[in-house]
Each structure stands twice: as C-alpha cells, then as structure tokens.
Amino acid sequence: MKPLHELTIAEIQLLLQQKQFSSREITGHFLDRIAQQNSIYNCYISVDNDGALNAADAADKAIATGANGPLLGVPFAHKDIFCTQGVKTTCGSKMLDNFIPPYDATVVAKMKAEGAVMLGKTNMDEFAMGSSNETSYFGSVKNPWDLETVPGGSSGGSAAAVAARLAPAATGTDTGGSIRQPAALCGITGLKPTYGRVSRYGMIAFASSLDQAGPMTRTAEDAAILLNSMSGFDAKDSTCTDIAVPDYTATLNQSIKGLKIGIPKEYFDERLDATMAATVQTALAELEKLGAILVDIELPNSALSVPAYYVIAPAEASSNLSRFDGVRYGYRCDNPKDLEDLYTRTRTEGFGEEVKRRILVGAYALSAGYYDAYYRKAQQVRRLIKQDFVSAFEKVDIIAGPTSPSPAFKFGEKGDDPVAMYLEDIYTIAVNLAGLPAMSLPAGTMNNMPVGLQLVGNYFAEQQLLNTAHQFQTVTDWHHQSPVTE
Amino acid sequence: MTITPEQIAITAGLAKLKIDGDEAIEVAKRIGAILELVDQMQAVDTSNVEPMANSLDAVQRLRVDAAIQPENPIDVRDTLQQIAPATEDGLYLVPKVID
Amino acid sequence: MQWETVIGLEVHVQLSTQSKIFSGSSTAFGAAPNTQADVVDLALPGTLPVANLQAFKSAIMFGLAIDAEIGKESVFERKNYFYPDLPKGYQTTQLEKPIVGLGYISIPTAVEGEIKQVRIHHAHLEEDAGKSLHEDFHGMTGIDLNRAGTPLIEIVSEPDMRSSAEAIAFLKKVHAIVTYLGISDGDMSQGSLRCDANVSIRPMGEEKLGTRTEIKNLNSFRFIERAIHVEVDRQIDLLESGGVIKQETRLYDSDKNETRSMRSKEEANDYRYFPCPDLLPVIIDDQTIEELRAIMPELPEQKLQRFQEQFSLSAYDASILTEQRSIAEFFETATTHCGDAKLSANWVMGELSGYLNKHDLTIEQSPVSAEQLGALIGRIKDNTISGKIAKQVFEAMCSNEGSADEIIEAKGLKQVSDSGAIEAMVDEVINNSPDQVAQYRAAEPDKRKKLIGFFVGQIMKASKGQANPGQVNQILAKKLNA
C-alpha cells in the first residue's frame, strides 16, 4: 500500500471501509505530519488536534456499526475563511486573530454531518485579497514545489497543504481565481462551482456577488466527491440556488468523444509566455486524443475583466468589511478615547495594507460623483463579459486555456506593484464575473513548476467539467506528481 | 483618472481608516495605478447595457415570517457576548456617543 | 411679512411581523437587551440576510391603500455609514427601486369640509437600527441590538403640508391606514411610528421653496406639533433679523421646547449607496398584488363613508369615530348590541372617551367592553333607565361593579314607569307648589314650556331620577293644563 498521505479521498474511503486502517490512524498520521512539517510550509493557521481525533473516533465507531459514506472518517482541511464553531477563524487577518465563531458555516455543517474529519484551518491571503498568500497576517505560505516561490492565493494554504500531503483535500474559496490559481501553482485540482451552487453562509465575505466555495483536491474524482457534499440549497443564503444536485461522481467515466472545447484566442495572445502556451497546447492535445474537438472561439471583452473586477470586488468588499468595528467581536484597539478613535484605530491597526488598499478603492468607486463612472460602468462591462461566454457556449461545451499566465513566481517578485499582482488573475477573473464553473488541473510543468489547465463550463455544468477533467486524468499523471519525498 | 493624497485622506475617513501625510502620497500613487487599470473600461460603449448585479440574473427568494425563539435567550446572548471586547449588563459598550 | 410654512414628512412605521426583516429573531418589544439579536443581527462574519415575505406583503398593502404604483422590481441597497447601533456598517434600505411608488394620502384642511391630497413620493422597506443607551456605564454608551433589523416602511411625502395641523392630520391618517391594514400596531410610545419633519418657510405667494431643516425623531403627535411651531418661529426670527437658514439636521428637545443642531450629523456624509449583492431583486407579480388587494380590509375613508350611510351619522361624528380602527370597531360592536347608532356614537365620543382621556387609557384598555357598553345603551333605549342614570351605571361599570343589568338591579336604578306612582308624585308636587302652579297657568303658552321644568325637576328629585321623564312630562302637562 502507498503511504497513507499519498492516498486520495476515494482510496481512503474504500480502505476505511475495508478496515485497512482506522480513521484515527490516518487522522493521526496527518496530524503528525502537520506537527513535523507545517513550519516548513506554514499552510495551517490552526490545527484542531483534539477535535480531529474526536471526529475520527466517532467515525470509527460509526464504521464499526456498518455506517458508510464518501467522507465518513476522511481527514481534510478547511480554508480559514469558513466559520467553524469553537475553532478560531481568522480569515488571515489580525482583525480576527481572536475570533472563535459561535456557529458553523453551512459548508462546514454539511461536511461535519457526513462525518468528515477536519484537521485544521488553512492559511490564506488576508480576507482572501491576494494572489500569492503574501498578505496573510500569519505569514506567507511556501510552495511545496519550491520554497522560494509563492503557492498562489488566496487559498494558498489549502493548495500547499494538499500538495505537501498535509491533507488529502481541502476547501477553498474563489472570488477572482482564489481556488484555481493556487491549485495551478501547487499542481493540484481545484474547482470553482457556478455562483449559487454552494452556500456562502458562514463563509466570510470578500465580494458577495463573486465569492464561491469549492473543493481543492488531488484528483477530479475527489473534487466530485467533495462537491457532492458541499453543494446544494441553503435557506440561509438567498443567492444559493435550489437546482437539484446531481451525483458528480456518477458521470466521471463517460466518454468525452465529440465534446466541443473552445479555445479563446484572447487567452493565447502575446501576453502568454511561449513555454506556458506550448505546455497548455500539449494538454489540449491529450483531450483531442480522447475525442474532444477543439474549436477556436473569441471572448472579445475578456481584457476588460480585470478592470471591471477591480471595481466590483473592492466596492463590495469595502462595504462587507465595515462590520469589523471592534464592537461585537474581533480586534479592538487599546483605550479608544472616543467613538471615532475606536473605529479608526481598530480598523487601521486591524487590517493589513492590501485590505486597506482595496477598501479605499471600493469606497472611492462608490463615492458621490464616481458611482456611474466606476461601479455602474463595471456592472455594465460585467454583462458584456457574461454575454461573451453565453455566445461562446452556443458553439462549444467547454472553454479551455491556461489558469495563470506563468507558474509560481518568487516571493516579492511582484514587488509592491498591486497592478502586476492583479494581472496574475487575468484568465480566472472573467469566470467569476460571469458566475460560471471552472476548474484547474495539473497539466504539465515549466521549469519544474506545475502548470495548470483551466476548463470553464456552462452554468451548472459541473458534471461535464468533472467528467472531462477525470478523463484527462485517466491518460495523464501530472496530478499524481508530488513535490514531497517523505 | 488620478487620485490626490487629499482624496485618499477623505475616502479613508469614510471607511474609518487613517491614511494621511506621506502615507497618503504613497497610497495615492498605488491607487492611481489601480484606477488607471480600471479606466480601461471607459473605452467601451455601454450606453445600452443594463448593469448586472448578479451573474445569474436571479431573483430573490423570500422567507416565510416566523420568529425563532431560543429556549434560553439570556444564555444565547451570553454565549454570543463571550467574543465581544466589552459588554456590561447584556449591552455592548462603546465610547460615549454624542448626538 | 406674511410667511408660509412648508412641511414634508418622512414617517417610519415599524411593521408588526413576527420576525425581523432579514433574520428569524423576534421583533417583540421589551425583551432583555440583546436577547433578540441573533448572529445575523449582530453581523457576525459570514452571516447573510434572507428577506421576510410578510414585510413585502405589508408594504404592498400600504401601497394599495394609498393608490400607489407597486414596484414590480424592488431592490435593496446598502447605505454605508458607521454607527454603533448599525452592526453591519450599512443600513439595508431601498433607493432607486422602492416597493411603493407615487401615491396620495388625503387629509382634512383648516377649511371645514375641504380635503387635500398630500403626494407620497415613495415608500420603501428598510431595517431599523438598534438603540444606544446613554446611561452612564463608566462614561461608555451601551448598545442594545434587539431593535436592529425590525422591518420598517419609510413613507416619504412631498412638501405638501402648510401647517403643523396639516402635518398632524397627515400623521393621523398614516396611523389610521397602517393600523386599519393591521401592518403596524402604530404604538408611538414604543416607537412603532416615528417621524422626521422637513420644515421650511417662504414669503406668502412665493413659489420657490426656502432652505429646509430636518427635525429628527419625533415620536408623539404633541412633540411634532410643538417642534414644528418652534422651528417655524426660529426660522422666521432668523430671516426677519437678516440671518440665513442653514440646511441641517436638528433635534427637538422636548424639555426645553427648542430645536438644536445635531453636530454628529453635520460631518460630510457620503453614503455610497449600491445594490446589496446579498439580496437579489424582488419581483412582485400581478397575482400577488391582486391577492393582497382581495384581502384588503376596509380603509378609514371607506368606513367613514359607510358610517354616514349605514348609521346616518354626521360627517363630523363619522370622521371622529373612524380616526382609529379600534374606536370604529368598538362603536360598531356597541351599535350591534344596542341597535342605536346615534346613542352609541354619543356614548363612545362622550362618556367613554372622556373616561379614557381622564385615566390616560387607550380604547384597548377600556374597562368597559364594546359589548358591555352596548348592553348599557340598550337599557336606555328600552326605557329601563334614563340617560342620566346610565352615566351613573357607567361609572360603576368602570369600577368593575358588574354588568349594566347587575348594577341597575343591585342599586335599584330601574326607571319608574308605573303611571299610578308617577301621578301620585305629580299630585304631591302640584299640591306643595301653589305659587308656581298659579304662575304657570297665568303664563303665555310659549313661556309655559320653560316653567314646567321646575315641576319636572321636583319630581325627578323625589324619584331619585328614576321616574320616566317622558311620562312625567305627559302627566304634568295634563294636570297643569286641566
């Protein structure tokens, strides 16, 4: 048998049922690895040893009485953006360094109900604002493939934990690429579902109209298993749809013969590094071998997605983050001399630089005299971007391209130029603006660093995405490559 | 569009952040670069485009009016206030509010 | 110079839903601090609002009652500002697409019988804020969020009122409409109906509006009237002494009976409104509107009309009786029980309201129920007691001494209608008053009417008020004229 930390969720579940090992054993194994190696990668902010072992024991007891379930007794990690009752939830910020939620996010509650075992909470860019994990109050996460490089962000802790085999799988959230880009940079599989597929309740909001939670796993099969558990109607989130959730694992093995894959010319223009382009083309050729038909398409407004995003996301964030005022929870400055001082010092001391920058951009875009030129304009551009996709999906089933313009970059490489960092998400952001589902799959390497292939599906077509991804993974082994030797 | 350090200070005030002096000059430079990026949108004609607030153009589902009464509301409150920086007699405390 | 007062009102009405507008917390008044504030109301990170259907239904019913356009697409926006009673750092409200559009509310004017239409610019749904308690917590302010998230409709009028009396009439009408609809308890003492007044003055005949001030948070009819008066006086004094009015928010201080500038509201505010991304547009279809229209209760104006037609009441009586739904219903129930609308109207507007005013009670707190009052009036109508005795019985009923019949029986107050007994009393009085009899008989017939009063008085005194006055008059006239 493979070492326990090399097993996928699907394998763990099977072996737990076969009593090859107990949930306590595999949970303990991961907790030991975290204890030994987290200091290398810094991918966990909190580790819940007791909670994990208790959940593992409960799962073992249930298994002993014949219970079965795809996540029963399976260890995993939550991004530290999901509220977990009784377990510190920081969102990567000093503002919430002391915050122990009195309630569970819906995603947390669903996975708990299925007997999944949460190992801990993973590191992230502060309030999910970042593409490199460098904005976390708890220090940046190291990419397990090269400790000098970033893991991507904002779900960098989750991506690194899965890549470093410190968790078989993790949850993430994606507002502008925060699942897909770190998945690409760390060589794992990540899925951002259709907006409204997964409840946002209890997931600390960055940009409400863009945020969506999803699985970060080794394989497409595991992503399907996790998505089965995470998605579905929630009365507590009125943006969550009540469209029935199919069994995403049921269709993984279908043939993709005849599948039409659109290749947007805008994603392969001069801005994309030639080696990256070649790597992605090779991956696309694999899909072609499986019977898919590649079709050239256009997404003419895609260049506008970064500008529109950097109005909409900061605008929503500036308002969403107003609740952090030092009154009911979270950080509060010492000895405020009056109310104004309480607010201003709490927020100035509690938020990091990038968060403050985005709050400012957002507040500015919404302020009197600028609303029409910025916010309203961005919402109009957003519709144009959506229409591009709607037209494209009249011709093709899936759209494919690179996840990120380059593999993982070095710490500090983007310097303090926020715009350079923002362009890191150039291929992922349009998908959030349009609300579509998309995945990133390990699809090769460049300079020994993982390269991600992005697949974008039509609304609620996660089944088709996962099917395509799984088929790709039956003929490639990039997703099995590991940066760790022990 | 550019943004001045004064505008930065005013906007920071709206957001209850303190950014002034040299910091405002520095922040204005960076935010100016972001606004420049954002201004690429202005080149597109959107005069006949309806703004899109929600990607699915979905409509709101409303909730049936029913109150949830906790069995022991004082206990629930006390639990919720355990994470609060300052409370007394069940109230959240803030520096004196002057109308 | 002759000045004209111009008033526009913003009325906040708390809707009497079970739960809050965006959370399942109870809206009941008076609970221990922060025991009706759940994780959503406290704006814990990650929590989300889910809007209350009943709040929409209530707002739509209000819209139908004022003949307003109903917003088929209704959108919540965020009004961003920091205040300790506002946990999210924004108030969820409506701006561009409110649920209720242009409508009208008619009010009586100073001219008898004249009705005026006040335009309603729009009415929108929003959430109430919590409360700041300024008692001394070591120099700190305490925040109670029980009220945070209570659904409100804010009714915004055009500046169509010209006196504080019209403003009060408008508010009373709003109060009547929302209580008739049953969408609010309208209890001003608990803050269920609050009002901000935009007040300006202009030279009589001038078209252009003067600079207005906004007087905040007026929560009783009396204070609204007084606040408008003192503010108008202040503005006149200021303009006549060469000053200028500053557009600002002012607070009415009822202790000093003056308005003063609110410093906290003076800071430049930029609310950065934008559509709330957590709350999608609400689409109201025609079917919903028609279903609500079908269940609309009778409105004040319809009831007023009906009372005049069905009960032959004067316009004045009908308008007093229909000002409050509870009074109108009390009157109608009493009438059903006694069968005499005129008598019921007199009793409800007279004795009953006198008693309630004197004891500072609302009609809901009346010690005598509508059925009980109806039974009492029934005894006047069937001549068991006289109107005068009835007042005595009513007092006793108010002191919980029993039903009308029980009190009449126990105190032996039944009217004497035995003509033999009355004749005996009449004879006795005539015999004991020879001078008055002579005077009466000498008088011209048209003066006699006045003189007969003496004899009636004597007889009623002798009978302790229980002699049937009709019979007394009849027998007296017969004997004196004989």
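The values are calculated or read from the model by the stated rules, or taken from the named source; none is laboratory data. Remember, predicted model here, so these are calculated numbers, not experimental data. Please note: Cβ atoms are built from the backbone with ideal geometry, for glycine as well, and neighbour counts cover all protein chains shown. Ligands, DNA and RNA are excluded from the accessible area calculation, which covers all protein heavy atoms including side chains. Shrake-Rupley method; radii C 1.70, N 1.55, O 1.52, S 1.80 Å.
Restricting the search to region A:397-412, which residues are of a type outside the set (S, T, N, Q) and surrounded by fewer than 22 Cβ atoms within 10 Å (Cβ to Cβ)? Lay out the reasoning, then the answer.
Going residue by residue through region A:397-412, those that are of a type outside the set (S, T, N, Q) are A:397-402, A:405, A:407-412.
A:ASP397, A:PRO405, A:LYS410, A:PHE411, A:GLY412 - these are the residues of region A:397-412 that are of a type outside the set (S, T, N, Q) and surrounded by fewer than 22 Cβ atoms within 10 Å (Cβ to Cβ).
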Looking at B:VAL94, B:VAL64, can you tell me which residue is touching a strand residue (DSSP E or B) at 6+ places or on another chain (Cβ under 9 Å), surrounded by fewer than 19 Cβ atoms within 10 Å (Cβ to Cβ) and either more than 7 Å from chain A (Cβ to nearest Cβ) or not aromatic (Phe, Trp, Tyr) (or both)?
B:VAL64
Restricting to region C:388-402, name every residue that is polar (S, T, N, Q) and either part of a helix (DSSP H, G or I) or closer than 17 Å to C:SER344 by Cα (or both).
C:GLN392
Being in contact with a Leu (Cβ under 7 Å, 6 or more places away or on another chain) and not in a loop (DSSP other than H, G, I, E, B) is the filter; apply it to region B:45-95 and report the residue that is farthest from C:GLY24 (Cα to Cα).
B:PRO95
Spans of strands (runs of 3 or more DSSP E) in region A:57-176 with at least 2 residues within 14 Å of chain C (Cβ to nearest Cβ)
A:75-79, A:169-174
Of these, A:LYS236, A:LYS257, which one is of a type in the set (D, E, K, R), over 30 Å from C:ALA43 (Cβ atoms) and assigned to a loop (DSSP other than H, G, I, E, B)?
A:LYS257
Those residues of region A:335-354 which are under 12 Å from B:ALA86 (Cβ atoms) and open to solvent by 30 Å² or more (accessible area, probe 1.4 Å), in sequence order
A:ASN335, A:PRO336
Quick one: A:ASN49 ticks every box in (1) open to solvent by 50 Å² or more (accessible area, probe 1.4 Å); (2) in contact with an Asp or Glu (Cβ under 6 Å, 6 or more places away or on another chain) bar one, so which box is it?
(2)
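Could you please let me know if C:MET204 is within 14 Å of chain B (Cβ to nearest Cβ) and open to solvent by 30 Å² or more (accessible area, probe 1.4 Å)? Give the derivation first.
Numbers: within 14 Å of chain B (Cβ to nearest Cβ): no; open to solvent by 30 Å² or more (accessible area, probe 1.4 Å): yes.
The answer is no for C:MET204.
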Please list, ordered by first then second residue, the pairs with beta carbon atoms under 6 Å, 6 or more apart or interchain, first in region A:316-343 and facing chain C (nearest Cβ under 7 Å), second part of a helix (DSSP H, G or I) and at pLDDT 95 or above.
A:ASP325/A:TYR343
Sole exception among (1) open to solvent by less than 50 Å² (accessible area, probe 1.4 Å); (2) within 7 Å of chain A (Cβ to nearest Cβ); (3) touching a helix residue (DSSP H, G or I) at 6+ places or on another chain (Cβ under 9 Å) for B:PRO5, by number:
(2)
Kindly evaluate C:LEU86 against the criterion of being assigned to a loop (DSSP other than H, G, I, E, B), in contact (Cβ under 8 Å) with a residue 24 or more places away in the chain and facing another protein chain (nearest Cβ under 7 Å).
no
Of the candidates C:LEU376, C:LEU361, C:LEU413, the one satisfying the condition of being at pLDDT 85 or above and crowded, with 20+ Cβ neighbours inside 10 Å is C:LEU376
Considering region A:366-386 alone, what residues qualify as being surrounded by fewer than 22 Cβ atoms within 10 Å (Cβ to Cβ) and either more than 9 Å from chain B (Cβ to nearest Cβ) or in contact (Cβ under 8 Å) with a residue 12 or more places away in the chain (or both)?
A:ALA368, A:GLY369, A:TYR371, A:ASP372, A:LEU384, A:LYS386
Hits in region B:78-88 (condition: over 25 Å from the mean Cα position of the chain (by Cα) and either open to solvent by less than 30 Å² (accessible area, probe 1.4 Å) or facing chain C (nearest Cβ under 7 Å) (or both))
B:GLU88
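Identify all residues within region B:45-61 that are in contact with a strand residue (DSSP E or B) (Cβ under 6 Å, 6 or more places away or on another chain) and either facing chain A (nearest Cβ under 7 Å) or in contact (Cβ under 8 Å) with a residue 12 or more places away in the chain (or both); write none if there are none. Full working, then the answer.
So in region B:45-61, the residues in contact with a strand residue (DSSP E or B) (Cβ under 6 Å, 6 or more places away or on another chain) come out as B:53, B:59-60.
Answer for region B:45-61, where residues must be in contact with a strand residue (DSSP E or B) (Cβ under 6 Å, 6 or more places away or on another chain) and either facing chain A (nearest Cβ under 7 Å) or in contact (Cβ under 8 Å) with a residue 12 or more places away in the chain (or both): B:ALA53, B:GLN60.
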Which residue out of C:GLU96, C:GLU4, C:GLU69 is touching a Lys or Arg at 6+ places or on another chain (Cβ under 8 Å) and either of a type outside the set (S, T, N, Q) or more than 10 Å from chain A (Cβ to nearest Cβ) (or both)?
C:GLU4
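Find the residue count for region A:72-108, including only residues that are surrounded by fewer than 24 Cβ atoms within 10 Å (Cβ to Cβ) and free of Cβ contacts under 8 Å to residues at least 60 places away in the same chain.
The total comes to 7.
Residues are listed down the side, and each one gets a yes or a no for (1) within 13 Å of chain B (Cβ to nearest Cβ); (2) modelled with pLDDT under 95:
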| residue | (1), (2) |
| --- | --- |
| A:ALA400 | no, no |
| A:ALA408 | no, no |
| A:GLU413 | no, yes |
| A:PRO418 | yes, yes |
| A:THR428 | no, no |
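Part of a loop (DSSP other than H, G, I, E, B), farther than 19 Å from C:ILE284 by Cα, modelled with pLDDT of 95 or more and more than 7 Å from chain B (Cβ to nearest Cβ): does that describe C:LEU48?
Details: part of a loop (DSSP other than H, G, I, E, B): yes; farther than 19 Å from C:ILE284 by Cα: yes; modelled with pLDDT of 95 or more: yes; more than 7 Å from chain B (Cβ to nearest Cβ): yes.
Yes; evaluated as a whole, the condition is true for this residue.
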Taking C:SER192 as the residue in question, decide whether it is away from chain A (no Cβ under 14 Å) and touching a residue at least 60 places away in the same chain (Cβ under 8 Å).
yes
One residue is enough: does region B:22-44 have a residue meeting the conditions assigned to a loop (DSSP other than H, G, I, E, B), within 30 Å of C:GLU96 (Cβ to Cβ) and either at the interface with chain A (Cβ under 10 Å from one of its Cβ atoms) or charged (D, E, K, R) (or both)?
yes
Just to be sure I understand, how many residues within region C:422-469 are touching a residue at least 24 places away in the same chain (Cβ under 8 Å), small (Gly, Ala, Ser) and part of a helix (DSSP H, G or I)?
1
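May I ask you to say which residue of C:ILE70, C:ILE21, C:ILE66 is crowded, with 24+ Cβ neighbours inside 10 Å and at pLDDT 95 or above? Talk me through it step by step, then tell me what you get.
Working: C:ILE70 fails: crowded, with 24+ Cβ neighbours inside 10 Å; C:ILE66 fails: crowded, with 24+ Cβ neighbours inside 10 Å.
Unique residue meeting the criteria: C:ILE21.
State yes or no: is A:GLY415 out of contact with any Lys or Arg (no Cβ under 8 Å at 6 or more places or on another chain), on the phi > 0 side of the Ramachandran plot, open to solvent by less than 10 Å² (accessible area, probe 1.4 Å) and not aromatic (Phe, Trp, Tyr)? Can you show your working first?
Working: out of contact with any Lys or Arg (no Cβ under 8 Å at 6 or more places or on another chain): yes; on the phi > 0 side of the Ramachandran plot: yes; open to solvent by less than 10 Å² (accessible area, probe 1.4 Å): no; not aromatic (Phe, Trp, Tyr): yes.
No.
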Candidate set from region C:156-183 (those that are touching a helix residue (DSSP H, G or I) at 6+ places or on another chain (Cβ under 6 Å) and either β-branched (Val, Ile, Thr) or within 14 Å of chain B (Cβ to nearest Cβ) (or both)); member that is nearest to C:LYS20 (Cα to Cα):
C:ILE183
